Amino acid sequence: MAENKKLLVLCLEGALQSWGEESKWDIRDSSNMPTKSGIVGLLACAMGLERGEPEIAAMSAAITLAVREDRAGTRLLDFHTVTGAPLLNASGKPRSSGNTFISKRQYLQDASFLVFIDCADDWRERMIQALQHPKWCLYLGRKSCVPSRPVLIGVTEAYTDIPEALQKYPIQTKRRHRNSDKGQTCRYASEIADTGDSTVSRSDVILADGYRQFTRRRVWRGVVKEVPYVSE
């Protein structure tokens with residue numbers, strides 16, 4: 001009989017979230033699900049690691065994760081007017097379009113995601129300690145997006161692996177139709193090979209020697225039906 005995995009479980013839930021993946025200077029997008037770099041950044045923030053420290057990339061390489069969308073939320077587009085004298089472009093040179101521009105920023109409203117992390121014991125214990133006593137304030141992709149509940153749920157040993165946890169771990173949010181005994185259909189994205197119906201390449205893995213530089217990873221996407229709700 002296979003031994004069950006010790007999986008770290010996080011809940012990313014808040015009024016606003018934003019997980020940039022293809023963001024440019026004045027257009028700041030948000031993916032439909034949290035990015036790996038965003039989750040690693042949240043953990044690094046809890047540990048007090050400065051941006052660019054090699055330990056952040058080491059943590060990214062040491063973990064395998066999956067994200068389940070327990071509540072999709074709705075998309076919000078916000079507009080910011082940015083003015084400077086002068087405004088500089090990404091190369092550090094004055095912008096040819098002038099000193100004022102409109103920045104478009106996307107957010108997810110009222111979304112809830114479950115994150116399963118598989119890693120070595122030392123990394124897992126370090127993450128738990130950091131999330132219980134974070135050095136810096138935690139945020140969901142952007143500093144204006146604060147969690148509405150504790151990020152750390154805990155460790156589960158109830159499942160053989162991440163794919164089984166995706167199928168069976170109860171939804172932590174309240175059910176919307178209390179008269180229904182059936183569960184909910186949830187989308188997910190997993191680093192475990194061949195766990196989904198399709199694959200996508202995502203540019204959200206932090207490079208060890210890069211500052212805000214990322215490489216690509218393959219993610220398997222799928223849907224699980226009738227995921228149970230936590231007891232109310």
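Bear in mind these aren't lab numbers, they're just calculated from the coordinates by the rules spelled out. What you see is a predicted model; the values in this text were computed from it and never measured. Every residue, glycine among them, receives a Cβ derived from its backbone with ideal geometry; neighbour counts consider all protein chains shown.
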**Prompt:** By how many nm would the segment from K6 to R187 lengthen if fully extended, with 0.36 nm per residue of separation less the alpha-carbon distance?
**Reply:** 62.9 nm
**Prompt:** Can you list the aspartates and glutamates whose alpha carbon sits under 18 Å from that of K5, skipping same-chain ones fewer than 8 residues off?
**Reply:** D118, D121, D122, E125, E157, D161, E164, E191
**Complete:** Expected sort for 103-113, 121-131 on mean C-beta neighbours within 10 Å, highest first, is 103-113, 121-131
**Message:** Taking the alpha-carbon distance from K36 and a cut-off under 18 Å, which lysines remain once sequence neighbours fewer than 8 residues away in the same chain are dropped?
**Reply:** K143
**Request:** May I ask you to derive the FRET efficiency for E164 and A58 from their Cβ-Cβ distance with R0 = 35 Å, giving the value to the nearest 0.05?
**Result:** 0.80
**Complete:** Extension length gain for H133 and E157 (0.36 nm per residue less Cα distance), in nm, is 6.3 nm
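At R0 = 25 Å, how high is the FRET efficiency between N32 and D194 if r is their beta carbon distance? Nearest 0.05 is fine. All intermediate terms of the calculation are to be shown ahead of the outcome.
On the way: r = 22 Å, r/R0 = 0.86.
It comes out at approximately 0.70.
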**Message:** Can you tell me which lysines have their Cα less than 19 Å from the Cα of K93? Leave out same-chain residues fewer than eight positions away.
**Reply:** K24
**Message:** Run the numbers for V223 and K104: contour at 0.36 nm per residue of separation, minus the present Cα-Cα distance, in nm.
**Reply:** 39.8 nm
**Asked** Peptides 199-206, 4-11: what's the order by average Cβ count within 10 Å, highest mean first?
**Response** 4-11, 199-206
